[in-house]
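J.: My questions will all concern the structure given below.
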Amino acid sequence: MSDNQRREEMLREMGISPIWRLRAGPGVTVEEPVSEPVTAARKLIAEEPSPPTAPVAATPADVASLDWTSLKACVADCTACALHKGRNKTVFGVGDERANWLFVGEGPGADEDAQGEPFVGQAGKLLDNMLAAINLKRDANVYIANIVKCRPPGNRNPQPDEAAACSPYLKRQIELIRPKLIVALGKVAAVNLLGRDASISSLRGGVHDCGGIPLIVTYHPAYLLRTLPDKAKAWEDLCFAVTTMRGLQSEHAAAN
Ligand code: URA
Ligand code: SF4
């Protein structure tokens, strides 16, 4: 079996074959009458102009229709921005896929890159404590994700082009989860989710709109580890988030 056939079979197994075909080249038109009987796989090989050596990223439009399984497979193979070069593992996100709460951080650090799970290092311990403080825990009505799924070198902030390349994945995760409330952890998460620049201090304490979903902003746990006095402000933010969620749930109850 050729590499191409093997790749085709693997993608079909993962349910994302059509997405790849879409981008495989303009020559792939399965409906076209063919003069000799060839299998779809052989036809694809014959017509593929120059088989890509590395996976091609799905377009944002493709990503918008993916289910969880295909979305995870797509991220695992993604090379849409330069961050893929330095990663060990992609960090897709973790938690309850029907959670009311979505917490969004910036991007994986060294521990997350090694383990493939968000917020598992020191900042993650603090996040777990913050969740526990408001009676939440990862996996139970909470989902945790990041703006970028691959580790920025040296833990620098993701650049705008990297955040933009990765945004269709988070957007699709949000569509699939349909959280009631998003909590942006830090400025990078906040400005990328809101699509505008602003300071954390100007964004704290308000309910913002993220594509129709209420969003509140608090400090990033890694910042809180360095700046202990602001922990009290983060506690205020969490209390505000709980009150906001209660309001949303009673609105929901009243509407039904
Ligand atoms: N910081 C983040 O923003 N995300 C992680 O997953 C870990 C640390
Ligand atoms: Fe793809 Fe996002 Fe990783 Fe960039 S950071 S390679 S867009 S998954």
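J.: Starting from the Cα gyration tensor of the range 97-175, take the square roots of the eigenvalues, sort them a ≥ b ≥ c, and report rounded, prolate or oblate (rounded when a/c is under 1.5, otherwise prolate if a/b is larger than b/c, else oblate).
T.: Oblate is the answer for the range 97-175, as a/c is 1.5 or above yet b/c matches or exceeds a/b.
J.: Sticking with this one: Largest first and in whole Å, what are the equivalent-ellipsoid semi-axes of the range 60-255 based on the Cα gyration tensor, each being the root of 5 times an eigenvalue? Walk me through the numbers before you get to the answer.
T.: On the way: eigenvalues 120, 79, 48 Å².
Ellipsoid half-lengths, sorted descending, are 24, 20, 15 Å.
J.: Does the range 140-256 classify as rounded, prolate or oblate by the C-alpha gyration tensor (a ≥ b ≥ c root eigenvalues; a/c under 1.5 gives rounded; else a/b over b/c gives prolate, otherwise oblate)?
T.: In terms of gyration-tensor shape, oblate.
J.: Turning to a different aspect of this structure: Beyond a 21 Å Cα-Cα separation, which of these cross-linked pairs lie in this structure: Lys149/Lys171; Lys125/Lys233; Lys149/Lys180?
T.: Lys149/Lys180
J.: Using +1 on the beta carbon of Lys and Arg, -1 on that of Asp and Glu, and nothing else charged, what's the dipole of the range 214-256 about the Cα centre, debye to 20?
T.: 140
J.: What does the charge count around Pro214 come to, taking other residues whose C-beta lies under 15 Å from its C-beta (Lys +1, Arg +1, Asp -1, Glu -1)?
T.: +1
J.: Kindly report the accessible area of the range 60-255 per residue (heavy atoms of protein chains, probe 1.4 Å, no ligands, DNA or RNA), in Å².
T.: That works out to 46 Å² for each residue.
J.: Quick check: the distance between the Cα centres of the range 197-225 and the range 121-173, to the nearest angstrom?
T.: Value for the Cα centre distance between the two parts: 14 Å.
J.: Could you check how much of the accessible area of the range 152-246 is carbon and sulfur, as a whole percent, using a 1.4 Å probe?
T.: 55
J.: I've got another one for you. Could you tell me which of Ser201, Ala165, Ile182 has its Cα farthest along the dipole of the range 123-210 towards the positive end, charges placed at Cβ (Lys, Arg +1; Asp, Glu -1), taken about the Cα centre?
T.: Ile182
J.: Under the rule a/c < 1.5 gives rounded, and otherwise a/b versus b/c splits prolate from oblate, where does the range 97-137 land using the Cα gyration tensor? All intermediate terms of the calculation are to be shown ahead of the outcome.
T.: Details: a/c = 2.42, a/b = 1.48, b/c = 1.63.
Oblate shape, in that a/c is at least 1.5 and b/c is the bigger or equal ratio.
J.: Using the Cβ atoms and a cut-off under 15 Å, what net charge is assigned to the surroundings of Lys180, where Lys and Arg are +1 and Asp and Glu are -1?
T.: -2
J.: Okay, moving on. What is the local net charge at Leu136, summed over the other residues whose Cβ is closer than 12 Å to its Cβ (Lys, Arg +1; Asp, Glu -1)?
T.: Charge balance near Leu136 sits at -1.
J.: Say R0 is 25 Å: what FRET efficiency, to the nearest 0.05, do Asn129 and Ala253 get from their beta-carbon distance?
T.: Working: r = 30 Å, r/R0 = 1.20.
Here the calculated transfer efficiency is 0.25.
The values are calculated or read from the model by the stated rules, or taken from the named source; none is laboratory data. What you are looking at is a predicted structure, and each value in this text was computed from that prediction instead of being measured. Reconstructed Cβ throughout: ideal geometry from the backbone, glycine too, with neighbour counts over all protein chains shown. Only protein heavy atoms, including side chains, enter the accessible area calculation; ligands, DNA and RNA are left aside. Shrake-Rupley method; radii C 1.70, N 1.55, O 1.52, S 1.80 Å.
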